[in-house]
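The values are calculated or read from the model by the stated rules, or taken from the named source; none is laboratory data. All of these numbers come straight from a predicted model, not from anything done at the bench. Note that each Cβ is placed from the backbone with ideal geometry, even for glycine, and that neighbours are counted across all protein chains shown. For the accessible areas, the whole protein counts, side chains as well, though only heavy atoms, and no ligand, DNA or RNA atoms are used. Shrake-Rupley method; radii C 1.70, N 1.55, O 1.52, S 1.80 Å.
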Amino acid sequence: MKRHANVTWKGSLVEGAGNLDTQSGALSGLPLGFKARFEDESGKTGTNPEELIAGAHAGCFAMQLSHMLAEGDTPADKLDVRADVTVQPAEGGGFEITRSALTLVGSVPGLDEAKFVEIAEKAKASCPVSKALGAIEITLDAKYG
């Protein structure tokens, strides 16, 4: 299985701009730019690689956890997952992604909170995006609700 996304970029990093398209068409002509990446904390001027990684991580983790819960005959009613990806200046210049912090609130009938957290930790470690992000710190704050 392969998936792809395309970016067309014109100009320099600071003055340039780009657009992102995904294979599914879910993202089409999505604007990319320096301001959206490094200056606009509201996120309203377009997307950036870190936001896309956060979306991928949250989605992958939610799907992995959902699968693991269902395999144990305790399917989730609802899983709310947020991923906060941190980018900061790197030693020697440039920037680096240093962390992805997952926050989870889940409702799983028939499962106690301790077991829920245990399975969530296993899902965090085994989701393919977590594995791909192995060079950074990945944390999980799981709440049963």
(message) Suppose only helical runs count, i.e. DSSP H with n ≥ 4. What mean residue ellipticity at 222 nm does that imply for the chain under -39500 (n - 2.57) per run, divided by all residues and rounded to the nearest 500 deg cm²/dmol?
(response) -9500 deg cm²/dmol
(message) Computing the accessible area with a 1.4 Å probe over protein heavy atoms, can you report the carbon and sulfur percentage for the chain?
(response) 52
(message) Can you find, among F38, Q23, A56, the residue sitting farthest towards the positive end of the charge dipole of the stretch 1-115, where Lys and Arg contribute +1 and Asp and Glu -1 at Cβ?
(response) Q23
(message) For a test of the definition: using alpha carbon positions, the gyration tensor, and the 1.5 limit on a/c, classify the chain as rounded, prolate or oblate.
(response) prolate
(request) Report the label-to-label distance for T8 and Y144 in nanometres (one decimal), using points 7 Å from each Cα along the Cα→Cβ vector. (result) 5.2
(request) Name the lysines eligible as straight-distance cross-link partners of K131: C-alpha to C-alpha under 18 Å, and not fewer than 8 places from it in the same chain. (result) K2, K122
(request) May I ask for the angle, rounded to the nearest 10°, between helix 113-126 and the longest principal axis of the chain, with both axes built from Cα atoms and the value confined to 0 to 90°? (result) 40
(request) Restricting to the chain, compute how many DSSP beta bridges are antiparallel as a %, nearest 5. (result) 70
(request) Just tell me which aspartates and glutamates come within less than 20 Å, Cα to Cα, of K115; anything on the same chain fewer than 8 places away is out. (result) E71, D73, D77, D80, D141
(request) Give the calculated FRET efficiency between F38 and A135 to the nearest 0.05, with a Förster radius of 22 Å applied to their Cβ-Cβ distance. (result) 0.55
(request) Give me the angle, in degrees from 0 to 90, between the Cα long axis of helix 49-71 and the longest principal axis of the Cα atoms of the chain, rounded to the nearest 10. (result) 20
(request) Quick one: net charge around E39, please, counting Lys, Arg +1 and Asp, Glu -1 for every other residue with C-beta under 15 Å from its C-beta. (result) -2
(message) How big is the dipole moment of the chain about its Cα centre under a simple scheme where the beta carbon of each Lys and Arg is +1, that of each Asp and Glu is -1, and everything else is neutral? Debye, nearest 20, please.
(response) 440
(message) If I stretch the segment between T45 and K115 completely, what's the gain in nm (0.36 nm per residue apart, minus their alpha carbon distance), one decimal?
(response) 21.1 nm
(request) Would you calculate the separation in nanometres between label points at S126 and T103, each defined as 7 Å from the Cα along the Cα-to-beta-carbon direction? (result) 2.7
(request) Please identify the longest segment of the chain free of exposed GluC sites (Glu not before Pro), where exposed means a DSSP state other than H, G, I, E or B and no more than 13 other Cβ atoms within 10 Å. (result) 92-145
